[in-house]
Amino acid sequence: MNVVEKLVDAKKNPAERRSLRQAILDSNQVSLICEAKKASPSKGLLSDFDVPRRARLMEDAGACGISILTEPLYFNGSLNDLLNARGETTLPLLRKDFICFDWEIPESKNFGADAILLIVAVLGQDTERYVERAHKMGLEALVEAHNLAELEVANKSGADLIGINNRNLKTLEVDLGVFKELAPYAAEDTPLVAESGVLSREDVVRMGKAGADAVLVGGALSKAKDAGEKIRCLNGG
């Protein structure tokens, strides 16, 4: 099927929604949300790969969910990547983008997302309204914070998952200590996701000890010669 045919089919036969939150809660270890990332503002072009094939590989290697970059300018992403991945994996799909318009929420659902990333640094006090809108569309919301003020907004937003980003979006610098510093202040009943800077099994363990229920891994997989083996290594296999 071409893209138009896939979109029509997806709207006529919507896929059963998969819960990223529940997948994390059901795990007996720190879960891996594996990211299909071809490029980034800090590293430039990382890798060029077939996203559906990469999604299958990630599922087979032990990911609990898959993050699909859809931002085209700096991350070389596409909504078509999300749509194509939907047909190739049973794992929950997270749409990762800088969502800042209401219409991007139903768009995310129509292209096959199960969850969306909402960044407090982008949405500010509108974060809660975007979470409510996502829930009305049957989507989960991973709400991202980088400092205590943003975390307070995330805590009150009704988020299904709270992400603490170790990367400063203004400077692009990464500090794994950010998660450890902020995690004690996160809402206790919401699973915590450590984002950015996780490169090794030791980093996964470190984030877990600091309170992470899951880690989001992108660049480490894009640069790996064997992404499947890297996922297994991060999982402790």
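The values are calculated or read from the model by the stated rules, or taken from the named source; none is laboratory data. Computed from a predicted structure; not experimentally measured. Ideal geometry is used to build each Cβ from the backbone, glycine not excepted, and the neighbour counts take in all protein chains shown.
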- Item | Scan of region 155-176 for residues that are closer than 21 Å to Ala141 by Cα and touching a helix residue (DSSP H, G or I) at 6+ places or on another chain (Cβ under 7 Å), ordered by number | Lys156, Ser157, Gly158, Ala159, Asp160, Leu161, Ile162, Ile164, Asn166, Leu169
- Task: Under 8 Å between Cβ atoms, at least 6 apart or on separate chains: pull out the pairs that start in region 140-163 with a residue that is over 10 Å from Thr127 (Cα atoms) and in a helix (DSSP H, G or I) and end on any residue that is at pLDDT 95 or above and among the aromatic types (Phe, Trp, Tyr).
- Result: Leu148/Tyr185; Leu151/Tyr185; Glu152/Tyr185; Asn155/Tyr185
- Item | Given (1) among the aliphatic types (A, V, I, L, M); (2) at pLDDT 95 or above; (3) surrounded by 16 or more Cβ atoms within 10 Å (Cβ to Cβ), number of the condition Leu7 does not satisfy | (2)
- Where residues in region 76-88 are free of Cβ contacts under 8 Å to residues at least 60 places away in the same chain and surrounded by fewer than 21 Cβ atoms within 10 Å (Cβ to Cβ), which of them is nearest to Ala214 (Cα to Cα)? Glu88
- Exclusive hit being modelled with pLDDT of 95 or more, under 17 Å from Glu195 (Cα atoms), surrounded by fewer than 18 Cβ atoms within 10 Å (Cβ to Cβ) and of a type outside the set (S, T, N, Q), set Leu148, Leu172: Leu148
- Quick one: is Arg95 surrounded by 23 or more Cβ atoms within 10 Å (Cβ to Cβ) and modelled with pLDDT under 95? no
- Within region 31-46, which residues are crowded, with 17+ Cβ neighbours inside 10 Å and farther than 18 Å from Ala115 by Cβ? Lys38, Ala39, Ser40, Leu46
- Considering each residue of region 184-227, count those that are buried (at least 18 other Cβ atoms within 10 Å of the Cβ), under 18 Å from the mean Cα position of the chain (by Cα) and part of a helix (DSSP H, G or I), and give that number. 8
- Query: Considering only residues of region 177-206 that are in contact (Cβ under 8 Å) with a residue 60 or more places away in the chain and touching a helix residue (DSSP H, G or I) at 6+ places or on another chain (Cβ under 6 Å), which is nearest to Lys43 (Cα to Cα)?
  - Reply: Val204
- Give region 228-237 a look and list any residue that's within 11 Å of Ala61 (Cβ to Cβ), surrounded by fewer than 20 Cβ atoms within 10 Å (Cβ to Cβ) and touching a residue at least 40 places away in the same chain (Cβ under 8 Å), or say none. Gly228, Glu229, Arg232, Asn235, Gly237
